[in-house]
1. Please order Glu561, Glu672, Glu405 by the number of other Cβ within 10 Å, starting at the fewest.
2. Which whole number of Å³ per residue matches the convex hull of the alpha-carbon atoms in the stretch 428-557?
3. Check cross-link reach from Lys399 to the aspartates and glutamates: straight Cα distance under 15 Å, and skip same-chain residues fewer than eight apart.
4. So if I restrict to the alpha-carbon atoms in the stretch 185-303, what is the Rg, and what is Dmax, the biggest pairwise distance, in Å?
5. Which of the residue pairs Lys256/Lys407; Lys563/Lys699; Lys563/Lys763 have a Cα-Cα distance greater than 31 Å in the structure shown?
6. Taking +1 at the Cβ of each Lys and Arg and -1 at the Cβ of each Asp and Glu, which of Ala760, Phe693, Ala660 sits farthest along the dipole of the stretch 642-796 towards its positive end, judged by Cα position relative to the Cα centre?
7. For Phe494 and Phe543 in the same chain, what is the full-extension length gain: residue separation times 0.36 nm, less their Cα-Cα distance, in nm?
8. Any idea how far apart Ala364 and Ala87 come out in nm if each label point goes 7 Å out from Cα toward Cβ?
Amino acid sequence: MALAPSGAALPADETARLAELERYGLLDSPAEEAFDDFSQLAALLCDTPIALISLVDEQRQWFKSRVGLDACETTRELAFCAHAILANQLFEVPNALEDPRFCANPLVTEAPHIRFYAGMPLTTSSGHNLGTLCVIDRRPRQLSAPQRDGLARLARQVVRLCELRLNMRRQAEQAALQRAIFSSAGTAIIATTPDGAISSVNPAAEQLLGYTEELLLDRPFADTLLDPEQLARRATALGHKLAQAIAADFSVLVAKTRYAQNTSREWSYVRQDGMHLPVLLTVSAICDEQDTLLGFLTIAQDLSQREQAQQRLKQIAAQLPGMVFQALLPKQGTIRFPYASEGIQDIYGLARGEVRENTEAVLAAIHEDDRDSVSQAILRSARELSQWHQEYRVRHPRKGLIWVEGKATPQRQADDTVIWHGVITDISERKHGQAELEQQQEMNRRLLEALAEGVIACDAQGQLTLFNDTAQQWHGADISQLAPEQWGDHYDLFEADGLTPLATDRIPLLRALLGERVREAEISIVAKGQAPRFVTTNAVPLFTPGGDRLGAVAVMHDITERKRIERIQREFVSTVSHELRTPLTSIAGSLGLINGGALGEVPADMQHMLSIAHHNSLRLSHLINDLLDMDKLVAGKMTFDLHGHELASLLNDSQTSNQAYAEQHGVQLILEECPSIHLHVDAMRLQQVLANFLSNAIKFSPPGAQVRLHSALHRNRVRISVSDLGPGIPASFHAGIFQKFSQADASDSRQKGGTGLGLAISKELIERMSGQIGFDSVEGQGATFWCELPVVERSAVIPAAEESNGPCLLVVEDEADIAHLLRLLLQRAGYRVMLAASLGEARALLAEQHFDALTLDLRLPDGSGLQLIRELRDDPATLTLPVLVISAASDAGRLSLNGGFQAVDWLDKPIDQQRLLASLSQALHGFPAKTRVLHIEDDADLRQVIAEQGRALADFVSASSLAQARQQLAQGNFDLVLLDLSLPDGNGLELLDELHQHHPGLPVVVLSAHELPAEQLGQVEAALAKSRIDAQHFLQLLGRLLPAKENRHA
């Protein structure tokens, strides 16, 4: 048995007992005199100082009444009453100190020092002990028999008081509820005495009748509120029915009520203003438990709204496009129409009176093929009490054959007849539209079957609703008829590469179902037993006119053939790249070497022909380069190496690169001062654009003219312009000048050279670098071609790969052009360069920072460079500083020093670039100027040309395959590797990882007909396209890379 916290066992009915205690609502209620009287009587009867009415809940005992005790409750753990409620008889403790259950109880050992306790359980009529009526003394004792009997009687009276209190509370609640219902009811309620005098009126009755309650109280109900004539007529009729005289008073209303629970009938109320109101009056008798009549309750429902509604219904029915009706099927006989709206004319061509008693005319109008089905449907509706809904044909006397739709709801009457309320409408137009829609759907179905595109659609839940024949063929089955888990048995989906599985969230139809509009999504479908099929997919979500999601549709176009042609095209481009670029590079390089006298002096009569051959080989190289560039741009395959570059450096490079071409045409190329800003561009691609601008301007300018390269800043963009004084561009050609193969005069292609692709390529290149391109020209007044590019903050510039943290050089030169040339040359070779135009500037810079070497002109505006040499050698800090003298008077300077100073080298002007770079490299790094280059190339002619071009800078060792290259790398040391990608035994890219692993730091330059993939650009020092690089740029690249190495590589 479970125990209470005090150790007393819990009553077996504890849960029900606590619920009963809660139902009585006694806990924590205010003190009540009636309960206090019983406590006083108990104390007097038992002669004790303390008497309590104690209620025991789950955690405590609470005192509803107390005498001789200040506390209002104690914990149940300490309660004597917790023991008393375990039985239905008196619980008595003569001496608590001698009772082991209570001797240690704080209520015994401390105040109130209980010694004697007697408690009688308070047992309810349902048998639950709520608490006790108990008496307590501070001395040991026992009750006498009369006291015990009296205490039991008092306890029973306390229980009766509790129950009386509960009943009174319930009655009060019921009375309050009745008053609330009576007052708030929306219908008119009036109570009367048994003889019909009004005793109570609710607010709804006041509002309906126009009387106040005060005016109606105690007045006779029938005489005050009922129509006297109606009352008299009904009294007479009721008297005849009951075979007794009935007075025309309240008796007419209650004659039947005395024998039944209530009666309802329509009456006319008479308002205070004399207006008559139709009401449905229900009269109920009010009786007590002994069935004694206490009065009557009348409830009136206003029917005036019903009559108004009936009038409105007639008006509405007249406006409806169909027929509103009420049809009745009696137990015997045929169906008839008690009510039919005027719309019956539009449906059957009949008058309302023709169908009131029988429906033969209606049945005759129904098409003979539909007549039986209509009759059977009506009988089934009557039998099952189910809605009648049917579409059928009617032969209308004026309209001819029409389609109608009938809907009606049946209801069984008390007399077992069935009545329908419904409507019949003309649906001929809808039927015609449905027929057209079905015809259109059939046409759409056949169209979808004939389409070469695959069409798939799904509903809002992703269930396939359309899968045309083409889609079925491509997927190997009609998967709309299969469970989704079976789809994988028939096909697989891949990304555009045909290798990567297509993730579920990448499926175009599902993306559209989530709200995305998918355009030209390329995927691959591989059906079982079929070759891979490549398709582009357009998919859009579908919505209802209200904006709710309806589903999605996807249309797939087969591009497998296009992909095959693209592959063939790529292979063709690859073949052209390798098979044409490689021999052209050899031809152009060989002719350049011969013309330059590398193989000896060329006879005069041969010089002109060799120049023609060299010039046209370069033209053919440019043509191939332009065609391949345009192909890559259109295909989106061209890579861009974007870095931060100083505008001045870019323009200087452009001027230097195109100066020789300008001189060849007798044109003066002028570079104007430019803003000190930086651009985030691919330097090689920008140079390609500027070279196109400049070459066009030069070749179309007359001899002796000027071509200006200038720039201007506009907010956050810079415009770089090339202006000439040539013939200008005809207005008719302005619109198409940036189109492919466009030239103002077709004869220009032969007279001036060119492919007509240069400007189209330039436009693509500039736009890919977030720029714009354009031109301004008036025919006969020259032209200005320009490009605009965004300017970047210096802090945001990402240095290009070639910007070096290498040795810092001081160039002391007063001639600005020569100083600029030296800086450009040395920066490209990997050096950091600062300029000084006088001895004073040189001394200031030398005092401020450390330099690794300096170049020195001897003739300076504020003195001789020899003076600076002596100062440097007298200062221990600069005693070993390498000095390279570059001067037109170098020999005189050497004599003036009388051999007292050993410079790195003495160079005369004009400057020999290779000797300058080699001397600096030897001074700074201490290794021989002549270095070794491994050239990996399968074309022997090209290997020979390259070796001849670079023999002044390095010794070239050849390898015609990957195997030979690995053998050479294992046997010797090299300072640079020139690598072709297309080799007989594999791709040159295979060697890159080996070089970085076994020869770290060894620079690699890719020289190939194929462009290096973007992801491999970071693994090489440079990537050059055959036929795109000329001898000058090639030698500059070698000069920059070879001397900059601090160690020889194994």
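Since every read-out is calculated from the coordinates, none of them should be taken as a lab result. Treat the numbers as computed from the prediction; the structure is a model and nothing was measured. Cβ: placed from backbone, ideal geometry, glycine included. Neighbour counts: every protein chain shown.
1. Exposure proxy ranking, most exposed first: Glu561, Glu672, Glu405.
2. 118
3. Counting by Cα, and skipping residues close in sequence, Lys399 has these aspartates and glutamates nearby: Asp346, Asp426, Glu429.
4. 13.7, 41
5. Those over the limit are Lys256/Lys407; Lys563/Lys699.
6. The residue sitting farthest along the positive end of the dipole is Ala760.
7. So the chain would gain 14.8 nm between Phe494 and Phe543.
8. Modelled inter-label distance: 9.9 nm.
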